[in-house]
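Chemist: Here's a structure for you.
The values are calculated or read from the model by the stated rules, or taken from the named source; none is laboratory data. Keep in mind that what you see is a predicted model, and the values were worked out from it rather than measured. FYI the Cβ positions are ideal-geometry reconstructions off the backbone, even for glycines, and counts take in every protein chain you see.
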Amino acid sequence: MVKQQANWSPYDNNGGSCVAIAGADYCVIAADTRMSTGYNILTREYSKICKLADKCVMASSGFQADVKALQKQLAARHLIYQHQHNKQMSCPAMAQLLSNTLYYKRFFPYYSFNVLGGLDNEGKGCVFTYDAVGSYEKVGYSSQGSGSTLITPFLDNQLKSPSPLLLPVQDAVTPLVEAEAIDLVKTVFASASERDIYTGDKIEIVVVNATGIRREYMELRKD
Amino acid sequence: MFRNQYDTDVTTWSPAGRLFQVEYAMEAVKQGSAAIGLRSKTHIVLGCVNKANSELSSHQKKIFKVDDHIGVAIAGLTADGRVLSRYMRNECINYSFTYESPLPVGRLVVQLADKAQVCTQRSWKRPYGVGLLVAGLDESGAHLYYNCPSGNYFEYQAFAIGSRSQAAKTYLERRFESFTDASRDDLVKDALMAIRETLQGETLKSSVCTIAVVGVGEPFHILDQATVQQMIDAFEIVGEQEGPAAAAGQEASAEPEAEQGGAAAGEGVAPMDI
C-alpha cells in the first residue's frame, strides 16, 4: 500500500516577474501585468504592485490570492501603526513588518515572492528582497518571479553597481539616474518576455522619489 | 446626588428602580471639559475645550480619529475614552478588512453601546466614565451620535457634553435649524461660537480649543492651530462690533456668509450658564 499523496494543492502559481532598482534619490519598482494559471492566461491586466505607505511600494509574484491576503494584512497593520505613532511607516520599518508577517506563517506560507522598494528615512532609494518565509536583505536591486533567472544576470551586468558578492558588503545602490534606470527596466522586461511565457502583456512601472509616487505603463508582447 | 445604601456596586438596584453607579458615571462626564458636535447634511464638526492640569503640562487629547470617515470627541475620564477609541479603531479596521468597505457609523455606535452595557451588569466591572460624541459619514449621510456610560446612544443634529455645556447647548438650540444646509465653514464658525459660550468670558484662542472636521470628500482630520486662529479672528472682529454688523461683515473674511455670522454674533453673547 503506497502512501496516499495529496491530490489537491492549496497553492497555484500565477506567474509573472517583478523588479526593483534603488537609486541615489529614487526607487523604481516594476512588474508585468499578466496573470496566468498553467498554460492559460487569466487576465492581461492585473496589478502585482501595491502601495503600502507614502514612500514604500511592494511588488509580488507567485500565488496572487496569497499576495492579495498579504497586502491586506500589511495595510491593516499600517493603519494601526499610523493611529499609534501619528505618522507613516518608513520603508525599513515596513520591510521588517513584512518579514515578520511572512515568518508568522512559516508552516503554511504565503506563496508570495516579494520585492519592497521605496525611500529610506534619508530619502535614499532602498530595495528589500524576500523569500516566501520572510528571509530578507537590503539590496541595491532585485528581481523575483518566473523571469527572475533571465532578468537578474542582465541587471548584474548593466547597473554598474558594485558586485553584491564582494566582501565587505558594499551598498549596491545604482549610480544611474532615474531615466536610465526606467529605460533599463523596460529593456529587461522586453527581453524577459521573449523567452519566459509567463511574462508579457504590459509592464507597470512605479517610481518613488522626493516629489511622490508616479506610475507609467509600457506594452509588451502578447504571446 | 447623595450617598445612600444602594450605590455601592453597579449590580444593586435602588427601590426607585435606579442604578446609582451608572448615574454616578454620567456625573463623571459632566465634570470633564466640554466637547461639542454639530452636523449639516454633508459635514460634521467636533470641537473641544483644551484643559491643562497646570501651566507646565500639555492638555489631554480629547478628539480621536477612528477612521477616515469617523472621529470621536470625548468628555469625562479621558483614559476610558482612549481605550474605547482604540476599540473603535480596531472594529473599523477589521470591518474594512473583511468587507472592503467602511464601517457604517450606526453599527459602530451600537457596538459601543453594547460594550458599555456589559459594564452595567457585571459585579466585577465599573461603567466607563466617558461620554463620546461620535461623528461619522456613511452611505446614509452625515451622523452625530452621543454614547453615554449607561449604554444608551442618541442621534443629534448638534450636542454638547462636559462642564458648562449648557451654555453651548443653549446656543446650539437657537441656531440648529440653520445647520442642515450650512456650508462647511459656517459649521466650523458655529462650533467655535458654541465653544466660546462654554468659556464664560475667557478669550477664545486656538490654543484653548481643538476643532476636527469630517465630510463628503473630506476625511476626518483635526484642523491645525493656525487655521483655527484665522477663523476665530474672522468672526471675533465681527462679534466685537455689535452695532454696524453689515460693515463688520464686509471687513471680515471674503466669504459672504460672514454677514450672517455677524448678525448672529450680535445676539450670540448669550446669558452665561452657571
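Chemist: Let me confirm something: among B:Asp68, B:Asp80, which residue is within 14 Å of another protein chain (Cβ to nearest Cβ), of a type outside the set (S, T, N, Q) and touching a residue at least 24 places away in the same chain (Cβ under 8 Å)?
Modeler: Working: B:Asp80 fails: within 14 Å of another protein chain (Cβ to nearest Cβ).
Residue meeting the stated conditions: B:Asp68.
Chemist: Let me ask another. Are there any strands (runs of 3 or more DSSP E) wholly within the range A:82-173 with 3 or more residues that are farther than 18 Å from A:Val206 by Cα and hydrophobic (A, V, I, L, M, F, W, C), and if so which? Spell out how you get there, then give the answer.
Modeler: On the way: elements: A:112-119, A:125-130, A:136-139, A:141-145.
It comes to none.
Chemist: Looking at the range B:84-110, which of its residues are closer than 26 Å to B:Ser165 by Cα and more than 13 Å from chain A (Cβ to nearest Cβ)?
Modeler: Just the residues of the range B:84-110 that are closer than 26 Å to B:Ser165 by Cα, to begin with: B:84-86, B:88, B:105-106, B:108-110.
Across the range B:84-110, the qualifying residues are B:Leu84, B:Val105, B:Gly106, B:Leu108, B:Val109, B:Val110.
Chemist: Assess whether A:Leu79 counts as being part of a helix (DSSP H, G or I), touching a strand residue (DSSP E or B) at 6+ places or on another chain (Cβ under 6 Å), within 14 Å of another protein chain (Cβ to nearest Cβ) and not polar (S, T, N, Q). Steps first, please.
Modeler: Working: part of a helix (DSSP H, G or I): yes; touching a strand residue (DSSP E or B) at 6+ places or on another chain (Cβ under 6 Å): no; within 14 Å of another protein chain (Cβ to nearest Cβ): yes; not polar (S, T, N, Q): yes.
In short, no.
Chemist: Since A:Asn14 meets every condition but one in (1) more than 18 Å from A:Gln144 (Cβ to Cβ); (2) part of a loop (DSSP other than H, G, I, E, B); (3) not hydroxyl-bearing (Ser, Thr, Tyr), which condition does it not meet?
Modeler: The number of the failed condition is (1).
Chemist: Looking at (1) without any contact (Cβ under 8 Å) to a residue 40 or more places away in the chain; (2) closer than 20 Å to A:Phe189 by Cα; (3) not hydrophobic (A, V, I, L, M, F, W, C), which one does A:Thr33 not meet, given that it meets all the others?
Modeler: (1)
Chemist: Can you tell me which residues in the range A:82-113 are surrounded by 15 or more Cβ atoms within 10 Å (Cβ to Cβ), away from every other protein chain (no Cβ under 14 Å) and farther than 23 Å from A:Lys138 by Cβ?
Modeler: Hit for the range A:82-113 is A:Tyr111, nothing else.
Chemist: If you don't mind, another one. Can you find a residue that is touching a residue at least 40 places away in the same chain (Cβ under 8 Å) and among the charged types (D, E, K, R) anywhere in the range A:193-200? Step through it out loud before you land on a result.
Modeler: So the first thing to find is which residues in the range A:193-200 are touching a residue at least 40 places away in the same chain (Cβ under 8 Å), and the list is A:193, A:195-200.
Filter once more, so that each one left must be among the charged types (D, E, K, R): A:195-196.
Checking the range A:193-200: at least one residue is touching a residue at least 40 places away in the same chain (Cβ under 8 Å) and among the charged types (D, E, K, R).
Chemist: Still on this structure: Looking at (1) touching a residue at least 40 places away in the same chain (Cβ under 8 Å); (2) buried (at least 17 other Cβ atoms within 10 Å of the Cβ), find the lone condition where B:Lys41 falls short.
Modeler: It fails just one condition, (2).
Chemist: Further question: Kindly indicate whether A:Ala53 is over 24 Å from B:Lys65 (Cβ atoms) and among the small types (Gly, Ala, Ser).
Modeler: Details: over 24 Å from B:Lys65 (Cβ atoms): no; among the small types (Gly, Ala, Ser): yes.
So A:Ala53 does not fit the description; no.
Chemist: Restricting to the range B:5-38, what's the tally of residues that are surrounded by fewer than 17 Cβ atoms within 10 Å (Cβ to Cβ) and touching a helix residue (DSSP H, G or I) at 6+ places or on another chain (Cβ under 7 Å)?
Modeler: Total satisfying the criteria: 3.
Chemist: If you don't mind, there's one more thing I want to ask. Looking only at the range A:52-76, count how many residues are in contact (Cβ under 8 Å) with a residue 12 or more places away in the chain and either assigned to a strand (DSSP E or B) or within 14 Å of chain B (Cβ to nearest Cβ) (or both).
Modeler: Final tally of qualifying residues: 15.
Chemist: Something else about it: Any residue at all in the range A:116-139 that is of a type in the set (S, T, N, Q), modelled with pLDDT under 95, out of contact with any helix residue (DSSP H, G or I) (no Cβ under 9 Å at 6 or more places or on another chain) and surrounded by fewer than 16 Cβ atoms within 10 Å (Cβ to Cβ)? Can you show your working first?
Modeler: Step one: of the range A:116-139, the residues of a type in the set (S, T, N, Q) are A:121, A:129, A:135.
From the residues that got through so far, the ones that are modelled with pLDDT under 95 too are A:121.
Narrowing further to those that are out of contact with any helix residue (DSSP H, G or I) (no Cβ under 9 Å at 6 or more places or on another chain): none.
Looking through the range A:116-139, none of the residues is of a type in the set (S, T, N, Q), modelled with pLDDT under 95, out of contact with any helix residue (DSSP H, G or I) (no Cβ under 9 Å at 6 or more places or on another chain) and surrounded by fewer than 16 Cβ atoms within 10 Å (Cβ to Cβ).
Chemist: Here are some conditions: (1) within 18 Å of B:Gly32 (Cβ to Cβ); (2) under 13 Å from the mean Cα position of the chain (by Cα). B:His143 meets all but one. Which one does it not meet?
Modeler: Only one criterion in (1) within 18 Å of B:Gly32 (Cβ to Cβ); (2) under 13 Å from the mean Cα position of the chain (by Cα) is unmet by B:His143, namely (1).
Chemist: Checking the condition in a helix (DSSP H, G or I) and either without any contact (Cβ under 8 Å) to a residue 12 or more places away in the chain or acidic (Asp, Glu) (or both), which residue from B:Lys189, B:Lys169 passes? Reasoning before the result, please.
Modeler: Working: B:Lys189 fails: either without any contact (Cβ under 8 Å) to a residue 12 or more places away in the chain or acidic (Asp, Glu) (or both).
None of the other options fit; the residue is B:Lys169.
Chemist: Sort out which residues of the range B:211-254 are modelled with pLDDT of 80 or more and of a type in the set (D, E, K, R), and write them in order of number.
Modeler: Correct list: B:Glu218, B:Asp224, B:Asp233.
Chemist: Identify, please: which residue in the range A:25-41 is more than 19 Å from the chain's Cα centre (by Cα) and in a strand (DSSP E or B) and is, among those, surrounded by the fewest Cβ atoms within 10 Å (Cβ to Cβ)? Before you say what the answer is, go through the steps one by one.
Modeler: Here is the first cut: in the range A:25-41, the ones more than 19 Å from the chain's Cα centre (by Cα) are A:37-41.
Now drop any that are not in a strand (DSSP E or B), which leaves A:37, A:40-41.
Values: A:Thr37: 14, A:Asn40: 7, A:Ile41: 16.
So, considering only residues that are more than 19 Å from the chain's Cα centre (by Cα) and in a strand (DSSP E or B), the one surrounded by the fewest Cβ atoms within 10 Å (Cβ to Cβ) is A:Asn40.
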